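Input: a single structure, listed below in structure tokens.
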Amino acid sequence: MKIFVYHTPELTSPDGFPDCAVVIDVLRATTTIATALNAGAEAVQAFSDLDRLMQASEAWSPEKRLRAGERGGAKVEGCDLGNSPLDYTPERVRGKRLFISTTNGTRALQRVEQSPLVTAGTIINRHAIVRYLLEKQPETVWLLGSGWEGGYSLEDTVCAGAIAQSLMSQECEGVEIGNDEAIAAIALYHQWKDNLLELFRLASHGQRLLRLGCDEDLQYCAQIDSLDIVPIQKEPGLL
Ligand code: 3SL
């Protein structure tokens, strides 16, 4: 298993796909997706485009669907929910299909949706993702950060480092580093592993969320290994 880290979808090679893509948007899309599925959502359908989300969700009755939209950190008008994982309680989401569009995370999912295996990784399900990769043994793995509008995000890189470090530390043959970004991500994780929340509060998107009053979200997103769930793509865009 060869592990490649990419900081943004734009930095991946345009015509290639890995055997398994782990899409990462710690703040907050993949944390929200993992939380919603763990809380009993029937499935999550991800869209980069809000109009397409509205259109596709029309086919579902309002009792059976939830529309979630985020742009610039804020909830999109006309949607039921924004992108705070704290809103995705079992009472709210159980049995419902979540139609979601976010600024960067759902775009990153779309970039790799044709890969044979696609999953959503984050700090809270790090251990579950590592276990899944060790079970599936894909030859190539991309740990793909969503970034922010094409730019680098510390929180996604530290999560990629947490996953890569855990894979490398397993007593199993054949886990290899694929690029320099993976080495740098592991180094970042080593430096911050005991203080992920502080790192999130320093990161530019963490600061944006703090300005929006979302410190509790940051605290939730920093709880490493707190959920045992692997959101697995069943068909392009559907987890
Ligand atoms: O960019 C995204 O996809 C979102 O996760 C951003 S936010 O955390 O909801 O602001």
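The values are calculated or read from the model by the stated rules, or taken from the named source; none is laboratory data. None of the values given here were measured: they were computed from a predicted structure. Counting neighbours? That spans all protein chains shown, and the Cβs are built from the backbone with ideal geometry, glycine included. Quick note on the areas: whole protein, heavy atoms, side chains included, nothing else; ligands and nucleic acids left out. Shrake-Rupley method; radii C 1.70, N 1.55, O 1.52, S 1.80 Å.
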Positive minus negative residues near N83 (Lys, Arg vs Asp, Glu; Cβ under 11 Å): -1
Cα-based helix-to-principal-axis angle, 154-169 vs the chain, degrees rounded to 10: 50
Rounded D (µm²/s) - segment 57-171, Kirkwood Rh over Cα pairs, Stokes-Einstein at 10 °C, 1.306 mPa s: 99
Per residue, in Å², the accessible surface of the chain once ligands and nucleic acids are set aside, probe 1.4 Å: 42
Dimensionless Rg/Rh of segment 154-227 - Kirkwood Rh, Rg from C-alpha atoms: 1.04
Choice from S84, S115, S13 showing the highest fluctuation, given a GNM over the chain with Cα pairs closer than 10 Å: S13
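Of the beta bridges DSSP finds with both residues in the chain, what % are antiparallel, to the nearest 5?
20
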Beta bridges per DSSP with both ends in segment 53-173, % antiparallel, nearest 5: 35
Computed E for E139/S13 - FRET, C-beta separation, R0 22 angstrom, nearest 0.05: 0.90
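Given a 1.4 Å probe and heavy atoms of the protein chains only, how would you sort Y6, Y189, largest accessible area at the top?
On the way: Y6 40, Y189 15 Å².
Ranking Y6, Y189 by accessible area, largest first, yields Y6, Y189.
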Potential lengthening between Q219 and Q55 on full extension [0.36 nm per residue; Cα-Cα distance subtracted]: 55.6 nm
Integer Hz, Karplus 6.51/-1.76/1.60 couplings in order for segment 140-145, x for Gly and Pro: 10, 10, 9, 9, 9, x
Solvent accessible area, Å² - S48, 1.4 Å probe, full protein context: 40
Square roots of five times the Cα gyration tensor eigenvalues for the chain, Å: 27, 20, 16
Spatially close lysines, pair count over the chain: Cα under 23 Å, gap of eight or more or interchain: 8
Fully extended contour minus Cα-Cα distance, from R208 to Q170, at 0.36 nm per residue: 10.1 nm
Phi-based couplings in Hz for segment 216-222 (Karplus 6.51, -1.76, 1.60; Gly and Pro marked x): 5, 4, 4, 4, 5, 5, 8
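If you take the alpha carbon radius of gyration of segment 1-110 and divide it by 2.2 N^0.38 Å, what ratio comes out, to two decimals?
1.10
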Pair A184, Y152: separation of 7 Å Cα→Cβ label points (nm): 0.4
Under Karplus coefficients 6.51, -1.76 and 1.60, residue-wise ³J(HN,Hα) of segment 180-189 in Hz, glycine/proline x: 5, 4, 5, 5, 5, 5, 5, 4, 4, 4
